[in-house]
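A.B. asks: Quick one: the structure is below, questions incoming.
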Amino acid sequence: MAARDIIKTLRPKQWIKNLFVFAPLVFSVQFLNPPAVLAATQAFLSFCLVSGALYTLNDLFDIEEDRRHPIKRNRPLASGRLTKRTAIITLVICLLAGLALAFSLNLPFLLIVLGYIVLQLLYSPWLKHVVIIDIFAVAAGFLLRVIGGAVAIRVAISSWLLICTTLLALFLSMTKRRHEYFLLPGEAAAHRPVLNEYSPYLLDQMISVVTASTLIAYCLYTVSEETIAKFHTRNLILTTPFVLYGIFRYLYLVHQKNQGSTPEELVIKDKPLLVDIILWIISVAVILYFR
């Protein structure tokens with residue numbers, strides 16, 4: 001049971017977020033280059049180990065808050081199934097292993113990983129309690145993953161990729177806050193005090209702005225002269241229906257099904273959304289690699 005609780009505390013399901021590391025690999029048309037694939041995979045594993053360690057640290061920080069949450073109170077640390085000593089040992093081992101992998105890649109990637117660690121260390125005790133900044137801090141984590149993926153395979157990162165990643169990350173962060181707000185009516189602030197600074201109207205307004213911005217940014221990216229010159233094709237615009245459906249489906253799940261607290265699980269559990277993402281990946285691969 002202890003081993004199972006350790007793995008659960010590392011939250012392997014949330015490692016799906018680390019797949020953002022592979023975005024530069026795909027959009028630099030390096031996916032068929034074995035050394036680049038190996039480097040990106042190593043970067044992915046490094047982020048998985050480091051993020052697992054930080055999730056464990058976050059659970060140590062938030063034991064009391066998690067015990068007041070109807071779902072999080074079942075986490076190994078909050079429920080008492082996993083001791084603090086075991087959690088700390090696991091944290092140190094994963095952190096050192098992740099940093100060792102990062103160092104073996106290159107120094108710039110190690111610096112990105114260290115920056116990610118600093119961000120998370122600031123997030124748990126401070127940033128997550130500052131309204132709006134808490135959302136940007138979560139989005140910054142996604143952005144660092146993408147930048148790390150580019151640094152790992154030593155390619156220049158597109159400004160369009162940074163813009164689209166930032167907007168998508170903000171979208172996911174805001175919808176997550178909305179779900180938390182409605183999950184605990186009247187008690188949301190007791191679990192996460194910053195929720196007291198939000199309102200359903202404010203969150204919906206922010207989500208609307210970032211949703212429109214995400215869609216427009218992606219569409220502009222596919223038709224920009226820079227993109228066309230880089231990939232030697234105008235067909236990337238054909239992937240926009242999958243992006244539109246994916247975002248609309250996600251909004252449907254958030255507003256109509258009251259989901260969205262764990263985007264990584266939602267992607268796996270909702271079959272229409274999962275199929276849409278797979279089709280988008282296939283369409284991008286066909287357009288970029290088999291033109």
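The values are calculated or read from the model by the stated rules, or taken from the named source; none is laboratory data. Just so you know, these numbers come straight off a predicted model, no measurement behind them. Here Cβ is always computed from backbone atoms with ideal geometry, including for glycine, and neighbour counts include all displayed protein chains. These accessible areas exclude ligands, DNA and RNA; they are computed on the full protein's heavy atoms, side chains included. Shrake-Rupley method; radii C 1.70, N 1.55, O 1.52, S 1.80 Å.
A.B. asks: Applying the selection to the stretch 109-138, what residues are surrounded by fewer than 14 Cβ atoms within 10 Å (Cβ to Cβ) and more than 28 Å from THR175 (Cα to Cα)?
C.D. replies: LEU111 - this is the single residue of the stretch 109-138 that is surrounded by fewer than 14 Cβ atoms within 10 Å (Cβ to Cβ) and more than 28 Å from THR175 (Cα to Cα).
Yes/no matrix, rows are residues, columns are (1) open to solvent by 50 Å² or more (accessible area, probe 1.4 Å); (2) within 15 Å of ARG154 (Cα to Cα); (3) in a helix (DSSP H, G or I):
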site: THR9; (1), (2), (3): no, no, yes
site: ALA23; (1), (2), (3): no, yes, yes
site: VAL50; (1), (2), (3): no, no, yes
site: TYR55; (1), (2), (3): no, no, yes
site: GLU65; (1), (2), (3): no, no, yes
site: ARG81; (1), (2), (3): yes, no, no
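A.B. asks: Separate question: Do you know which of the residues in the stretch 192-249 that are modelled with pLDDT under 90 and assigned to a loop (DSSP other than H, G, I, E, B) is nearest to LYS128 (Cα to Cα)?
C.D. replies: ARG192
A.B. asks: For the stretch 25-36, state whether one or more residues are in a loop (DSSP other than H, G, I, E, B) and within 16 Å of CYS94 (Cβ to Cβ).
C.D. replies: The first filter runs over the stretch 25-36 and keeps only residues in a loop (DSSP other than H, G, I, E, B), leaving 28-33.
From what's left, within 16 Å of CYS94 (Cβ to Cβ): none.
Scanning the stretch 25-36 turns up no residue that is in a loop (DSSP other than H, G, I, E, B) and within 16 Å of CYS94 (Cβ to Cβ).
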